[in-house]
Structures are given as structure tokens and as C-alpha cells.
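Computed from the coordinates by the stated procedures, all read-outs in this text should not be read as laboratory data. These numbers were taken from a predicted model, which means no experiment stands behind them. Neighbour counts are summed over all protein chains in view; Cβ atoms, including those assigned to glycine, are modelled from backbone coordinates with ideal geometry.
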Amino acid sequence: YLTYKLRLAPVLRNSKWGAFLDMWQELLKKHPTIPQLVEKNNCHLSFEMYGGRNTHLIVYEEELAVAALFGVRADASVVPPAQLDLLGVPSAALVGQLVAGEDPVAKYAEIRAEMEHRNHPTEEDKISGIEGTVWYVEEPNARVSMWKCKPESVEAIHWATGINKKAVLATCWNFLETADDLNYDTLLPLLLEEYQRDDIENFREHVEACISQVRYEFEFKERVLAAYDGLGLSIHMDKAGVMRALSQHFQRPEMKKVFTLIIRNR
């Protein structure tokens, strides 16, 4: 049997927070060789499903895409994407390659600076650009270990002193990939992976505010898409007509966000 799972759940399914199963099935149709990859490479594979329709911290230009990240053999050893036969399935883009004698610290700093140059904050507490890279390091025993390299703007969110709003928001969206009931108690186990319980409790008021913000963003998105679908018009064919009609349902300051949501999801 061949199965697919999310990072924190044993099955891939739709939820009220996202059509994760539908999106994956769409990608399987686009890349029909994905089901062959486990047998072809004799290992499990990890993929990233990303894009504007599955936004978390990073706002991507693509609506929906997939990239193979690495394989894992039965002995838990890692197989980097360059050593996988992917049968045409996209993999994470190769940023560079180091050989013995090169300065890894200097290269690390160079890549971080290049990524940071590409990153820009958005109006929705997200980042437009790139989240980071992964270094696949081959050790003397031929086993491969993975190391993250994140640009400063992303690293600042994850490594800020103490718990912070952007990190909690990102954790909320990650939680919703695998569960529907987003509240303080259900989010707590994920937060405890990064922070001390006392720090979380002291920040509880802000955690609750983040949960409310994520819920509002989801409900606003659903309201926008329902209103758009009810028009019977295509924003790609009649942008002015669609936006004029939707302006009867949303306030003027919301219209830019309305347009962005429709373009990303329709």
C-alpha cells in the first residue's frame, strides 16, 4: 500500500481550514509519477506542498506546487534529492554545491545574505520571498545530515527572544494542517516544542489574539470566495466588473486583500 501523510498527522485529509487532500490529488494529476517514486528509490519520500493556496509564513508566487525534499531509507538514513530518481517530479532547487576545501561559513553567510535581499514583508504579517535552504552534508561515514539555513528575516521570527506574535501565527497555520479545533489548549503542545510553559502562559493573551486573527483570516477568505463564486463572473476575464460587484459586500480598505485572495485561490 502507498499512503500519504501530513507532518503531524497519520493521514492526509481535507479540513475546514484547508483542502489539503484535494490539493494533493491535484498535484498527483499534474505529476502522475509521484506514486512510483517510493518503489523506484526504495525509500520513503518527503515533499513540500506549497503556494498561494497553502500559505503560511511565506507568500509564494505559485498558486500550488510540489517539490521533493529528501528520501528516508529503512535504516533512517537520508537520501538528498540529487541522489533520487524523481521521474520528472520537481525537487527543491539546487542553490549551490560545496567541495572539500571551500569555506562553509563564508558560503553560509553568502547564501543567507542573498535570500535576505529577496525577502520583503507583506501587509499580512507574512514574508514575500524565500523561507530558507537546507544543506545536505555528507559525513565521512557516507551518511547525510541536514542543516537549515534561513535568511535573517525568517530566522528572527523563529529565534526571537521569547515567544512572539509571528512565531505563534506560523504555529497556528501549521496546526490547522492536521486538526480543526484551533484553541489555546490544542495549540499548546506545538508551542511547547519551542517554548517553556511559563513563557507561553505569560504570553497567553497574545496567543489567544493570534488564534482569533487566524480564525478571522480564514473566515474572511471563505466569505470572499463564496461571494466571488456567487457572481458567475471570471476575474481573469472581467476584473473591473468583478471588483465593482464585490465592492457592494466589502469595505474599500479590504478590496486589495479581496483581489489577492481570489487570484490566489481561483
* To do: Compare LEU27, LEU169, LEU192 in a GNM of the chain, Cα atoms joined below 10 Å, and give the one with the largest fluctuation.
  => LEU192
* **Over the range 75-184, equivalent-ellipsoid semi-axes from the Cα gyration tensor in Å** => 29, 20, 15
* Asked: Which number do you get for Rg(Cα) / (2.2 N^0.38 Å) in the chain?
  -> 1.12
* Asked: Considering every pair of different Cα atoms, what Kirkwood radius, in Å, is found for the range 55-125?
  -> 15.4
* Asked: Using alpha carbon centroids, what distance separates the range 1-80 and the range 88-158, in Å?
  -> 20
* How much length is gained if the chain between GLU222 and GLU155 is pulled fully straight, taking 0.36 nm per residue apart and subtracting their Cα-Cα distance, in nm to one decimal? -> 21.0 nm
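Can you compute the FRET efficiency between TYR1 and GLN83 using 1/(1 + (r/R0)^6), with r the Cβ-Cβ distance and R0 = 22 Å? Round to the nearest 0.05.
For TYR1 and GLN83, the calculated efficiency is 0.30.
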* **Cα-based reach from LYS150 at 24 Å (exclusive), listing lysines while leaving out same-chain residues under 8 positions away** => LYS107, LYS126, LYS165, LYS166
* Structure fact -> So the compactness index of the range 165-265, its C-alpha Rg divided by 2.2 N^0.38 Å, takes the value 1.37
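How large is the direction-averaged shadow of the alpha-carbon convex hull of the range 95-159, in nm²?
5.1
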* To do: May I ask you to list the lysines whose Cα is less than 27 Å away from that of LYS30, ignoring any residue fewer than eight positions away on the same chain?
  => LYS5, LYS16, LYS40, LYS221
